[in-house]
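A short reminder: the numbers here are calculations on the coordinates, not readings from a lab. Computed from a predicted structure; not experimentally measured. Glycine gets a Cβ as well: all are built from the backbone with ideal geometry, and neighbour counts include every protein chain shown.
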């Protein structure tokens with residue numbers, strides 16, 4: 001009989017337009033990928049699809065990028081999604097006030113169809129300017 005694996009690790013992803021390298025830290029105090037405000041949380045996901053959306057929708061001049069990250073401290077479900085849009089956290093989206101350490105870049109990922117990205121961008125453009133529909 002062969003030995004069974006008893007320890008599994010969870011991979012976490014962060015989508016952005018920032019050009020980062022292994023060892024870099026993603027931390028609070030920087031402007032959001034989506035709006036002109038400084039963040040007090042860093043956001044990440046355990047699903048590649050959520051990170052792909054982050055990379056595709058991120059503001060900035062560079063191409064979308066996805067990083068494998070490691071949270072450096074405690075984290076919680078992202079209430080912007082889990083409480084408002086997706087009860088139960090099926091997107092496995094999280095936030096932390098502690099930094100994320102970049103472990104590696106995901107270089108071979110498939111983006112969404114251009115029509116889907118355009119629809120999502122149009123939806124984001126319709127959000128109220130008062131910040132009542134927060135998307136970080």
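Mind ordering 103-110, 50-57, 68-75 by average Cβ neighbours within 10 Å, highest first? Each step should come with its number before you reach the end.
Values: 103-110: 11.4, 50-57: 22.1, 68-75: 15.8.
Highest mean packing first, the order is 50-57, 68-75, 103-110.
Along the Cα→Cβ direction, 7 angstrom out, place labels at residue 24 and residue 98. What is the inter-label distance in nm?
Distance between label points: 2.2 nm.
Subtract the Cα-Cα distance of residue 89 and residue 121 from 0.36 nm times their separation in residues, and report this length gain in nm to one decimal.
9.3 nm
Determine, for 19, 24, 78, the number of other Cβ atoms within 10 Å of each Cβ, and report the residues in order from fewest to most. Don't skip to the answer; put the middle values down first.
On the way: 19 11, 24 15, 78 24.
The most exposed by this proxy come first: 19, 24, 78.
Starting from the 7 Å offset along Cα-to-Cβ, what nm value, one decimal, do you get for the label separation of residue 105 and residue 31?
2.1
Ranked by Cβ crowding within 10 angstrom, fewest neighbours first, how are 96, 40 ordered? Write out the running numbers ahead of the final one.
Details: 96 22, 40 10.
Taking fewest neighbouring Cβ atoms as first place, the list is 40, 96.
7 Å from Cα along Cα→Cβ at both residue 48 and residue 112: what's the point-to-point distance in nm?
That separation, rounded to one decimal, is 1.7 nm.
Taking square-rooted eigenvalues a ≥ b ≥ c of the alpha carbon gyration tensor, is the range 12-125 rounded, prolate or oblate, where a/c under 1.5 means rounded and, failing that, a/b exceeding b/c means prolate? Kindly include the intermediate steps, with their values, before the conclusion.
Working: a/c = 1.38, a/b = 1.12, b/c = 1.23.
Taking the square roots of the gyration eigenvalues as a ≥ b ≥ c, the range 12-125 is rounded.
Is the shape of the range 16-81 rounded, prolate or oblate, going by the alpha carbon gyration tensor and its root eigenvalues a ≥ b ≥ c, with a/c under 1.5 for rounded and a/b larger than b/c for prolate?
Taking the square roots of the gyration eigenvalues as a ≥ b ≥ c, the range 16-81 is rounded.
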